[in-house]
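Enquirer: A single structure is presented below for examination.
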There are 2 protein chains.
Amino acid sequence: MAGIKEVAEEAGVSTATVSRALRGLHHVNDSTRAKIIAAAEKLSYPLTPSTANTASGRTNSVGVVAPYISRWYFSQVISGAEQALREAGLDLLLYNFSQMKGRERLFQHQLLKGRVDALIVISLPPTVEEFDSMLSLGIPIALVGMEHEKCASVKIDDIAGARSATQHLVNQGHKQIGLMSGRPDDPFNFSVPQDRRKGFMQVLAENGLEWLPQREVHGDFTMHTAARAMDDLLARPNRPTAIFCESDEMAMGAMQALRRHGLKAPDDISIVGFDGHEMAEFSELTTIEQPVQLMGEMAAWSIMERLRKPNIDPPSLVLPTTLVVRNSTRRISPEEA
Amino acid sequence: MAGIKEVAEEAGVSTATVSRALRGLHHVNDSTRAKIIAAAEKLSYPLTPSTANTASGRTNSVGVVAPYISRWYFSQVISGAEQALREAGLDLLLYNFSQMKGRERLFQHQLLKGRVDALIVISLPPTVEEFDSMLSLGIPIALVGMEHEKCASVKIDDIAGARSATQHLVNQGHKQIGLMSGRPDDPFNFSVPQDRRKGFMQVLAENGLEWLPQREVHGDFTMHTAARAMDDLLARPNRPTAIFCESDEMAMGAMQALRRHGLKAPDDISIVGFDGHEMAEFSELTTIEQPVQLMGEMAAWSIMERLRKPNIDPPSLVLPTTLVVRNSTRRISPEEA
DNA sequence: ATGAAAGCGCTAACAT
DNA sequence: ATGTTAGCGCTTTCAT
């Protein structure tokens, strides 16, 4: 296996010069550099040797931590981050933090330790201790979909998004509006469902609409539980004419349940979702789109910036959402309402 | 930062013993090991130090290479692999190989070089040269969705899957059956579309059904292009009574197009997909399910096995698919056919 | 079963 | 601008 020594020999220089040349440092003669690059290519020597780690203390890779990696939202963010990181020549280490048992959890920061130069944490604060242990790594952290004073963050305004979804329903004449929200006993203290619920309630109140607790059902942000929750809601009296679902997947679950009951959106009930899931278009679902992939990219950029200048303080970005009106919501007449 | 030296001091032993104890090697007294583990935990010293790389030559991580990482199929496989690898204490390095420019491509194996102990390559053979350069790394490689004599592989029988999808349509009385297939000018020499097409044609021939080339349209395995292709097909004469789509996403695109034209599956045209996409249930799509996540897990296991015993030859696994009948296909009467 | 010491392949500090 | 020489933090002989 060709190492830096072989390359040095081939180019007729010292290993130190090879190291400098390949990393684009100053004070290397252009012709020398050319020779070295030629030698490196010939021996297919890597531009960033993996073993550089030990000597330099930098790993040239960043960790991405997420509770799920195959769900739409997460895979989009990861994809965005991957692109930005690879462009910058950084490797991406993937860490899924959902199913680990207690004892292993205790070791989390030790897993990460020394393996990554920075961390991107997607949308779920683990327990406080776990989070502290991440902070204690002393490396830059960028949060996606959350905020924390000590970390950079990229997120949307969930309250505003929920507001415009709800306002859309109100504008269309709906007065009896239901809510499909996250479980109150969510295992994670996740702010997203809370914020989306808050925005919803604000708009109801501002428009003088009465809120009936029996118009709310809960899901866990998947289609499956949402469909079941919807069954439940449909069985209750005072059926709403429209429903705001805190995620597109839940909205699609709701629509599925509707169909099972011989009902249809928007004819029988209007449905608005949240996220901009790729399948929302297929379902003709009205929704609030968020720039998911972009959020991953920006998180990556933000940590790379901080890797360059460790002293700037971590930026907090809020990206815009867009109401996309499709065919799952409709205007209703005053008599219907 | 606590290193092996600190742990050694704390435990009152040498660094060599710490190294041995923490990696579970033989010839370490139980009580010594206990002391060392305690010291390590106290100083939050990682079980598998990242810098072990240099000295041992092993990186304790495997690379996952995929052309996309946010598409459903790929994210599922990655998720499965991640679980299996993490359980075994291996890190997962993610490499997306789609958008890289020519010159960078040339450097691919150099990117990987020395960074991973093994490779899992998902569903797309890059160019032959790129593949050769991966092989030349001299590390175990597991393929998902493809085969190669020198690599382990985990796949399904695409021909058989396509056969049972098509047979299902035939069994329901369809005689004029259309095909939504991959682009013939696919940038990758991807065997999946070819195999699925082959299975389809076999069943048609076996049942003495005539094949009309104008019943075939092409997509790129996404909803979007499929919808457009479907528009095209619907505009042609001799409209088929059923269509086999080579992927669920294409099937959903087709159904979307159908709706736009005021048509509906299965009433106007029966649609059968392929993959077992999570949204297939929502769409009530009849499909061929493949155990996607499991394929990722098995690929991981297979390389870990080979990491242990380098001399066994790479296993080639074929996992079963299942026909799941939902509501996008229906039996038609002889008069209709 | 444990320790001492010689690397692993590279980078960094110091020469020149 | 380039070479020399210590390390980096760990693993792995080889002793004991």
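Enquirer: Report the residue, chosen from A:H174, A:H26, A:H218, that carries the largest GNM mean-square fluctuation when chain A is represented by alpha-carbon nodes joined by springs under 10 Å.
Expert: With Cα springs under 10 Å in chain A, the top fluctuation among A:H174, A:H26, A:H218 is at A:H26.
Enquirer: For the interface of A with B, what's the total buried accessible surface in square angstrom, probe 1.4 angstrom, rounded to the nearest hundred? Please report the intermediate quantities before stating the final value.
Expert: Values: alone 16910 and 16940 Å², together 28790 Å².
Summing both chains' loss of accessible area gives about 5100 Å².
Enquirer: Would the stretch A:186-251 count as rounded, prolate or oblate if I go by the C-alpha gyration tensor, calling it rounded below 1.5 in a/c and otherwise prolate when a/b exceeds b/c, oblate otherwise? Can you show the working numbers first?
Expert: On the way: a/c = 2.05, a/b = 1.10, b/c = 1.87.
Oblate.
Enquirer: Taking the Cα centre of the protein assembly as shown as the origin and placing charges on Cβ (Lys, Arg +1; Asp, Glu -1), which of B:G199, A:G219, A:Y68 is farthest toward the positive end of the dipole?
Expert: Checked the options; the winner is A:Y68.
Enquirer: List the GluC sites (Glu not before Pro) within the stretch B:175-257 that fall in a DSSP loop (any state other than H, G, I, E or B) and whose Cβ has at most 15 other Cβ atoms within 10 Å.
Expert: Numbers: sites: B:E206, B:E210, B:E216, B:E246, B:E249; in loops: B:E210, B:E246.
Here the sparse-neighbourhood loop sites are B:E210.
Enquirer: Is there a simple number for the mean count of other chain Cβ atoms within 10 Å of the Cβ of residues in B:113-120, and what is it? All intermediate terms of the calculation are to be shown ahead of the outcome.
Expert: On the way: counts 9, 9, 9, 2, 0, 0, 0, 0.
Going residue by residue through B:113-120 and averaging, the value is 4.
Enquirer: A follow-up question, please. Within 10 Å of each Cβ of B:38-49, how many other protein chain Cβ atoms are there on average? Display every interim value, and only then the final one.
Expert: Details: counts 0, 0, 1, 3, 0, 1, 8, 3, 8, 4, 5, 4.
Mean partner shielding for this stretch: 3.
Enquirer: Right, another one. Using the Cα centre of the stretch B:4-56 as the reference point, and only Cβ charges (+1 on K/R, -1 on D/E), how large is the resulting charge dipole? Debye, rounded to the nearest 20. It would help to have the intermediate numbers written out before the result.
Expert: Numbers: 6 positive and 5 negative charges, 26 e Å.
In total the dipole reaches around 120 debye.
Enquirer: What relative contact order, as a whole-number percentage, does the stretch B:1-155 give when Cα pairs under 8 Å and 6 or more residues apart are counted? Don't skip to the end; give the middle numbers.
Expert: Working: 196 pairs, mean separation 27.4, N = 155.
Relative contact order comes out at 18 percent.
Enquirer: Same structure, new question: Between B:K309 and B:E335, what FRET efficiency comes out of the Förster formula 1/(1 + (r/R0)^6) with R0 = 41 Å and r the beta carbon distance, rounded to 0.05?
Expert: Details: r = 63 Å, r/R0 = 1.53.
The value I calculate is 0.05.
Enquirer: Rounded, prolate or oblate: pick one for the stretch B:4-56, where a ≥ b ≥ c are the square roots of the eigenvalues of its C-alpha gyration tensor, a/c under 1.5 means rounded, and failing that, prolate if a/b is larger than b/c, else oblate.
Expert: Details: a/c = 1.70, a/b = 1.22, b/c = 1.39.
Judged from the Cα gyration tensor, the stretch B:4-56 comes out oblate (a/c at least 1.5, b/c at or above a/b).
Enquirer: Sticking with this one: When chain A is treated as a GNM, springs tying every alpha-carbon pair under 10 Å, which of A:L204, A:L124, A:L43 comes out with the largest mean-square fluctuation?
Expert: With Cα springs under 10 Å in chain A, the top fluctuation among A:L204, A:L124, A:L43 is at A:L43.
Enquirer: Grab the DSSP H runs of chain A that are 4 residues or longer, score each as -39,500 (n - 2.57), total them, divide by all residues and round the 222 nm result to the nearest 500 deg cm²/dmol. Working shown, then result.
Expert: Working: 13 runs with 141 residues, N = 337.
For chain A, the value works out to -12500 deg cm²/dmol.
Enquirer: For labels at A:R239 and B:N171 in the simple 7 Å Cα→Cβ model, what's the distance in nm?
Expert: Distance between label points: 3.6 nm.
Enquirer: Let me ask another. Run the numbers on the stretch B:158-290 and let me know its relative contact order in percent, using alpha-carbon pairs under 8 Å that are six or more apart. Walk me through the numbers on the way to the answer.
Expert: Details: 241 pairs, mean separation 36.0, N = 133.
The normalised contact order for the stretch B:158-290 reaches 27 percent.
Enquirer: Assume the label is 7 Å from Cα along Cα to beta carbon: what separations in nm does A:W211 have to the matching positions in the other copies?
Expert: Those separations, rounded to one decimal, come out as 6.1 nm.
Enquirer: Further, regarding this structure: Full extension from A:K150 to A:L135: what is 0.36 nm times the residue separation minus their Cα-Cα distance, to one decimal in nm? Display every interim value, and only then the final one.
Expert: On the way: separation 15, 0.36 × 15 = 5.40 nm, distance 0.83 nm.
Residue separation times 0.36 nm, minus the Cα-Cα distance, leaves 4.6 nm.
Enquirer: On average, how much accessible surface per residue is there in the protein assembly as shown, in Å², for a 1.4 Å probe, leaving out ligands, DNA and RNA?
Expert: 43 Å²
Enquirer: How many angstrom lie between the Cα centre of the stretch B:217-260 and the Cα centre of the stretch A:72-86?
Expert: So the separation of the two Cα centres works out to 29 Å.
Enquirer: On to the next question. Measuring nothing but label to label, 7 Å from Cα along Cα→Cβ, what are B:K5's distances to the other copies in nm, shortest first?
Expert: Label-point separations across copies, in nm and ascending: 2.4.
Enquirer: Of the beta bridges DSSP finds with both residues in chain A, what % are antiparallel, to the nearest 5? Don't skip to the end; give the middle numbers.
Expert: Values: 3 of 37 bridges.
Taking every DSSP beta bridge with both residues in chain A, the antiparallel ones total about 10 percent.
Enquirer: Shape verdict for the stretch B:158-290, please, from the Cα gyration tensor: rounded (a/c under 1.5), prolate (a/b greater than b/c) or oblate. Please report the intermediate quantities before stating the final value.
Expert: Numbers: a/c = 1.19, a/b = 1.06, b/c = 1.13.
Rounded.
Enquirer: Find the relative contact order for chain B and round it to a whole percent, using C-alpha pairs within less than 8 Å whose residues are 6+ positions apart. Please list the in-between numbers first.
Expert: Details: 616 pairs, mean separation 59.9, N = 337.
Relative contact order of chain B: 18 percent.
Enquirer: Okay, next question. Only four residue types carry charge here, +1 at the Cβ of Lys and Arg and -1 at the Cβ of Asp and Glu. Report the dipole size of the protein assembly as shown about the Cα centre in Debye, rounded to the nearest 20.
Expert: Working: 70 positive and 82 negative charges, 211 e Å.
About 1020 debye.
Enquirer: In square angstrom, rounded to the nearest 10, how much accessible surface does A:K198 have for a 1.4 Å probe?
Expert: Spelled out: A:K198, probe radius 1.4 Å, area about 100 Å².
Enquirer: Just report the Cα centroid separation between the stretch A:272-337 and the stretch B:1-64, whole Å.
Expert: Taking the Cα centre of the stretch B:1-64 as reference, the centre of the stretch A:272-337 is 45 Å away.
Enquirer: Given label points at 7 Å from Cα along Cα→Cβ, what nm distances, shortest first, separate B:P237 from the same residue in every other copy?
Expert: 6.3
Enquirer: What's the average, rounded to a whole number, of partner chain beta-carbon atoms within 10 Å of each residue's beta-carbon in B:79-86? The partial results should precede the final answer.
Expert: Values: counts 9, 2, 2, 6, 4, 0, 2, 8.
Taking all residues of B:79-86 together, the mean is 4.
Enquirer: When the accessible area of the protein assembly as shown is split by element with a 1.4 Å probe, what percent falls to carbon and sulfur?
Expert: Numbers: 14710 of 28790 Å².
The value for the protein assembly as shown is 51 percent carbon and sulfur by accessible area.
Enquirer: In the protein assembly as shown, what % of DSSP beta bridges are antiparallel (nearest 5)? Let's see the in-between values first.
Expert: On the way: 7 of 75 bridges.
Beta bridges within the protein assembly as shown, antiparallel portion: roughly 10 percent.
Enquirer: Still on this structure, please answer the following. With +1 on the Cβ of every Lys and Arg and -1 on the Cβ of every Asp and Glu, and nothing else charged, how large is the dipole of the stretch B:211-258 about its Cα centre, in debye rounded to the nearest 20? Before the final figure, lay out each step's value.
Expert: Numbers: 4 positive and 7 negative charges, 56 e Å.
Around 260 debye, computed over the stretch B:211-258.
Enquirer: Place +1 on the Cβ of every Lys and Arg and -1 on the Cβ of every Asp and Glu in the stretch B:4-56, take the dipole about the Cα centre, and give the residue among B:T15, B:H27, B:A40 whose Cα lies farthest towards its positive end.
Expert: After comparing all options, I get B:H27.
Enquirer: Okay, moving on. Of B:K42/B:K309; A:K113/B:K5; A:K113/B:K309; B:K175/B:K264; A:K150/B:K113; B:K113/B:K198, which pairs sit farther than 26 Å apart, going by alpha carbon to alpha carbon? Please report the intermediate quantities before stating the final value.
Expert: Values: B:K42/B:K309 35 Å; A:K113/B:K5 16 Å; A:K113/B:K309 29 Å; B:K175/B:K264 19 Å; A:K150/B:K113 35 Å; B:K113/B:K198 38 Å.
Violating the 26 Å Cα-Cα cut-off are B:K42/B:K309; A:K113/B:K309; A:K150/B:K113; B:K113/B:K198.
The values are calculated or read from the model by the stated rules, or taken from the named source; none is laboratory data. The structure presented is a predicted model; accordingly, all values stated were derived computationally and were not measured. Cβ sites come from the backbone with ideal geometry, for glycine too, and all protein chains shown count toward neighbours. In case anyone asks, the SASA skips ligands and DNA or RNA and just uses the protein heavy atoms, side chains included. Shrake-Rupley method; radii C 1.70, N 1.55, O 1.52, S 1.80 Å.
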